[in-house]
Structures are given as structure tokens and as C-alpha cells.
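J.: Just dropping this structure here.
The values are calculated or read from the model by the stated rules, or taken from the named source; none is laboratory data. No experiment lies behind these values; they were computed from the predicted model shown. Here the Cβ positions follow ideal geometry from the backbone for every residue, glycine too, while neighbour counts run over all protein chains shown.
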Amino acid sequence: MDGQNFDEFTKKLAAGGTRRTILKLVLGGSSAGLLGWMGLSSAVAAPRCKRVGQHCITNADCCPEDNLTVCDQTTQTCQACPTGTSLCGGQCVASTCSGGQQFNSTTCRCECPSGTVSCSGTCVNTQTDVSNCGTCGTRCAPGAICVAGACTCPLGTTLCGGGCVNSSCSPPTVTFNPALCRCCNVTGGICTANSQCCSGHCNVSKTGIGTCQ
């Protein structure tokens, strides 16, 4: 007991309390009870935090929340958390995240930012990701885009033959042929006389009746 607490002790004795109560606490060996009666228990009973390098048994000995140290069970000394870990919840936990994840000091783990989910270890936005559209692993067709979690072809294209192809034709002479997935004459994909379907369009510079290439 230091000088200040001793002074408080004598003041308490002088201020009140029956001799029987005090004697009972002392003879009973109840120092905690006596200190509690005096209102000094918190000041005296509080454990002293160990410093870095000092011997410890549990993490509580190092007062991790105050000193940012824990009890290294190998050396049984108070030490800072190893590289790649952070003090969280009184323990050193892995805090090196990957795949776009960030360490959450509240849950003590790596998590994807709000609005994204982890797909195969990488944080993605399933509302716009063409490789994970709507759900993880749902891949859009070539040329398609992911809008609001659904695969769709851009304006002027149509899903045909497993991909989005140009469907902006020049009707009425040339229209989109879904069987051939290109713009050509509607009759079996054959252009009109003196033209040929080249690059999806009937080219009048070509002579003869040709078929779609």
C-alpha cells in the first residue's frame, strides 16, 4: 500500500465503521473486502501492465488494448503483433488482405467493400461484372454487357450464335437473318441480283448473285 492509500486508510478508520467490522475483515484475511469497504479496491487491485519484453503468462498481463502488445507464448514476454497481423479483439489476427478485400477492425477479418462480393477470392460487383453477372460464375456471352445483374447485348446488337452480333441492317432490302446471325437478304441469306453479302451487308459493287460469307 503506497502513502496515498495509507492516508485514505487511516481517514476511513477515523471516519467510521465499527471496530467489530474492521477486526472481522482483518482477522478473516479479507484484504479485498477491507479495501472494498474503504473504496480503495480499484486503485490497489488493478494489475500493472507489463511492458515490451517483460515476462507474462496471458495477454491480459500486457494490457493489449492500452499497450498494443500481447503475450508471446514462445518467449512468454509482451511483444507487438508480428508483421502481417493486427491487434484485434485482444489477439493478433491476420490483417493482410488480397483480392480487393479490406481488413475490418470490427469483425477482425478481411471482407469485401460494400457493394461487392467475393467470387473465387476476388471482390467483384455482380451488378456489372461480365464474368460474374448476377451471381458468381455467371459469364455473359461475348460482346454482351452486365446491367443490374443481367446479361444484355448493347444497343444495335442481338444475341445470336452465342454472342452479341451487329443487327443494325438497312431495311427493307437488307434485314437481319437470325439463322445466319448477320444482315442479308431475307431469302436464304442471298442478296439481290448484282450484289453479294460481304461483311454482313449486300455490296452492290460485287457482280453476280452471291451468298453470305
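J.: Could you check, for segment 165-182, whether at least one of its residues is outside the structural domain of Thr83 (by TED's automatic domain parsing), part of a strand (DSSP E or B) and at pLDDT 95 or above?
T.: no
J.: Could you say whether any residue in segment 67-87 is modelled with pLDDT of 90 or more, under 34 Å from the mean Cα position of the chain (by Cα) and in a helix (DSSP H, G or I)?
T.: Within segment 67-87, not a single residue is modelled with pLDDT of 90 or more, under 34 Å from the mean Cα position of the chain (by Cα) and in a helix (DSSP H, G or I).
J.: Do we find a residue being on the phi > 0 side of the Ramachandran plot and surrounded by 13 or more Cβ atoms within 10 Å (Cβ to Cβ) anywhere in segment 112-120?
T.: no
J.: Would you mention how many residues in segment 88-108 are within 14 Å of Thr58 (Cβ to Cβ) and either outside any strand (DSSP E or B) or in contact (Cβ under 8 Å) with a residue 60 or more places away in the chain (or both)?
T.: The number of residues fulfilling the criteria is 1.
J.: Hey, among the residues in segment 121-146 that are surrounded by 18 or more Cβ atoms within 10 Å (Cβ to Cβ) and farther than 17 Å from Cys164 by Cβ, which one's farthest from the chain's Cα centre (by Cα)?
T.: Taking the candidates together, the pick is Asn132.
J.: Moving on to the next point. Taking the stated definitions as given, is Thr157 at pLDDT 95 or above and surrounded by 15 or more Cβ atoms within 10 Å (Cβ to Cβ)?
T.: no
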